[in-house]
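Read through the structure below, which is laid out as structure tokens, and then see the notes.
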Amino acid sequence: MKALTWVLGLSIGVLKAELRQFKDPQGRKVMAELVSHDGQGLLTLNMQNGTPFQKTANQFSVEDQTYIAEWLKRTPATVAYRFDIKAVAEKLSGNRKNMGYKTVKNELWAYKVEIRNTARNPVQNLKVEYRIFVKDEADGTIVSSDIRGEGFHSGDASVTGPLRYNGVGNFTTKEVQIDVVDYRYSSTRDDRHADALRGLMLRIKDADGKVVHEWASPITTLRGKTWDSIPASLEVKPDRN
């Protein structure tokens, strides 16, 4: 999903300011209208010909700063969300047992996730929900009697920030166990039952709980899929002993 941009509260038609003559502290003039602001002091204006440009209030005359202050009071901020996401699977621990007729590997894996803000405005208090997709064919030291096939483990994280332009937030997902059981029946016949990581999907929410960005590992198994297209029934529930 592409990053989302919206205006909270009033409609754009109500928020649009009138075209007026602005001056900078040196007396240079430009006809423009205020369009939006990011809540952090950056203003977006349109020139009379429609060309946009950005300034801060202190780059205008004292009279214009008074006008801008009044406009800010009645104009909610417009926040742009654009992110570059990187996720790398990492083995945290593992052991291997040779039991003669079979070899067993038990490993713990997690994803290291980097979220980079590529919007010009700072963002903060982000909530991240994620799904770790797995193929589940082995269980501990045996072949599972309840093969689940493809499924996902869910989790969440927070990125408080603030993340300014090109700023990075990091988190590590929960651990998932990946098991591999190799049976050796003869010198010519092997039987392998192996779990595997199938990728990561995440969605980012703002402080109000609105989804502002979705991302999935660029791999074949998740190509074309979205968060809402994945059945909730595929979630792998924790074992109850």
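The values are calculated or read from the model by the stated rules, or taken from the named source; none is laboratory data. None of these values were measured; they are calculated from a predicted model. Ideal geometry is used to build each Cβ from the backbone, glycine not excepted, and the neighbour counts take in all protein chains shown. These area figures cover heavy atoms from the full protein model, side chains too; ligands, DNA and RNA do not enter into them. Shrake-Rupley method; radii C 1.70, N 1.55, O 1.52, S 1.80 Å.
Annotations for the structure displayed:
- Residue among 75, 66 that alone is under 30 Å from residue 169 (Cβ atoms), surrounded by 11 or more Cβ atoms within 10 Å (Cβ to Cβ) and out of contact with any Asp or Glu (no Cβ under 9 Å at 6 or more places or on another chain): 75
- The one condition in (1) open to solvent by 70 Å² or more (accessible area, probe 1.4 Å); (2) in contact (Cβ under 8 Å) with a residue 40 or more places away in the chain; (3) within 18 Å of residue 197 (Cα to Cα); (4) part of a strand (DSSP E or B) that residue 152 fails to fulfil: (1)
- Residue in the range 221-239 that is in contact with a His (Cβ under 6 Å, 6 or more places away or on another chain) and either modelled with pLDDT under 95 or charged (D, E, K, R) (or both) present: yes
- Filtering the range 119-135 to residues that are closer than 11 Å to residue 79 by Cβ and either modelled with pLDDT of 95 or more or among the small types (Gly, Ala, Ser) (or both) leaves only 119.
- Strands (runs of 3 or more DSSP E) completely within the range 178-238 that count 3 or more residues being within 30 Å of residue 104 (Cβ to Cβ): 190-194, 196-205
- Listed here are the strands (runs of 3 or more DSSP E) enclosed by the range 1-61 that have at least 3 residues being at pLDDT 95 or above and of a type in the set (A, V, I, L, M): 29-37.
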